[in-house]
Amino acid sequence: QVQLVESGGGLVQSGGSLRLSCAASGSIFIIYTVHWYRQAPGKQRELVAGITSGGATNYEDSVKGRFTVSRDNAKNTVYLQMNSLKPEDSAVYYCNARRPGATMSEPDYDYWGQGTQVTVSS
């Protein structure tokens, strides 16, 4: 199993930047695909960005060109660099780690962090 802890959220003005971290412990994080999600009040949880164990990335259209997801396997950490922040980016951001089971009979793994609040003022 793996434990995930998000950090780096806070209050920032529109146009500013934040760097979120998702630190993992309890397993070998390099084998997991990691995604960032966010959820604003009254809205569904939304996929923001993801990165595979091989380093391939994907982004939701609204954050392309502004957000960058990366990973430092030596530190067992995945990052989300958020630039040119907008008030619409305000949400609780969650880290999610997934991988197939180690064997054909083992269920897939799906872990979530506790979330970190990002608030962007106008």
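The values are calculated or read from the model by the stated rules, or taken from the named source; none is laboratory data. In this text the structure is predicted, and so the values were computed from the model without any measurement. Please note: Cβ atoms are built from the backbone with ideal geometry, for glycine as well, and neighbour counts cover all protein chains shown. To get the accessible areas, we keep the full protein, side chains included, count just its heavy atoms, and leave off ligands, DNA and RNA. Shrake-Rupley method; radii C 1.70, N 1.55, O 1.52, S 1.80 Å.
Against the definition (in a strand (DSSP E or B) and either open to solvent by 60 Å² or more (accessible area, probe 1.4 Å) or more than 15 Å from Thr119 (Cβ to Cβ) (or both)), how does Ala24 come out, yes or no? Considered against the rule, which asks whether it is in a strand (DSSP E or B) and either open to solvent by 60 Å² or more (accessible area, probe 1.4 Å) or more than 15 Å from Thr119 (Cβ to Cβ) (or both), Ala24 comes out as yes. I'd like the residue in region 29-45 that is in contact with a helix residue (DSSP H, G or I) (Cβ under 9 Å, 6 or more places away or on another chain) and either open to solvent by 60 Å² or more (accessible area, probe 1.4 Å) or at pLDDT 95 or above (or both) and, out of all such residues, is farthest from Pro100 (Cα to Cα). Selected residue: Ala40. Which of the numbered conditions does Ala74 fail, given that it passes all the others? Conditions: (1) open to solvent by 30 Å² or more (accessible area, probe 1.4 Å); (2) over 18 Å from Val120 (Cβ atoms); (3) not in a helix (DSSP H, G or I). Just one mismatch for Ala74, condition (3).
Yes/no per residue for (1) open to solvent by less than 60 Å² (accessible area, probe 1.4 Å); (2) touching a residue at least 24 places away in the same chain (Cβ under 8 Å); (3) of a type outside the set (Asp, Glu); (4) part of a loop (DSSP other than H, G, I, E, B):
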{"residue": "Gly15", "(1), (2), (3), (4)": "yes, yes, yes, yes"}
{"residue": "Arg19", "(1), (2), (3), (4)": "no, yes, yes, no"}
{"residue": "Gly55", "(1), (2), (3), (4)": "yes, no, yes, yes"}
{"residue": "Ser62", "(1), (2), (3), (4)": "yes, yes, yes, no"}
{"residue": "Leu85", "(1), (2), (3), (4)": "yes, yes, yes, yes"}
{"residue": "Ala102", "(1), (2), (3), (4)": "no, no, yes, yes"}
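Exactly one residue among Val63, Val78, Val120, Val92 is touching a helix residue (DSSP H, G or I) at 6+ places or on another chain (Cβ under 6 Å) and not small (Gly, Ala, Ser), and that residue is Val120.
Scanning region 78-98 for residues that are at pLDDT 95 or above and of a type outside the set (A, V, I, L, M, F, W, C) yields Tyr79, Gln81, Asn83, Ser84, Lys86, Pro87, Glu88, Asp89, Ser90, Tyr93, Tyr94, Asn96.
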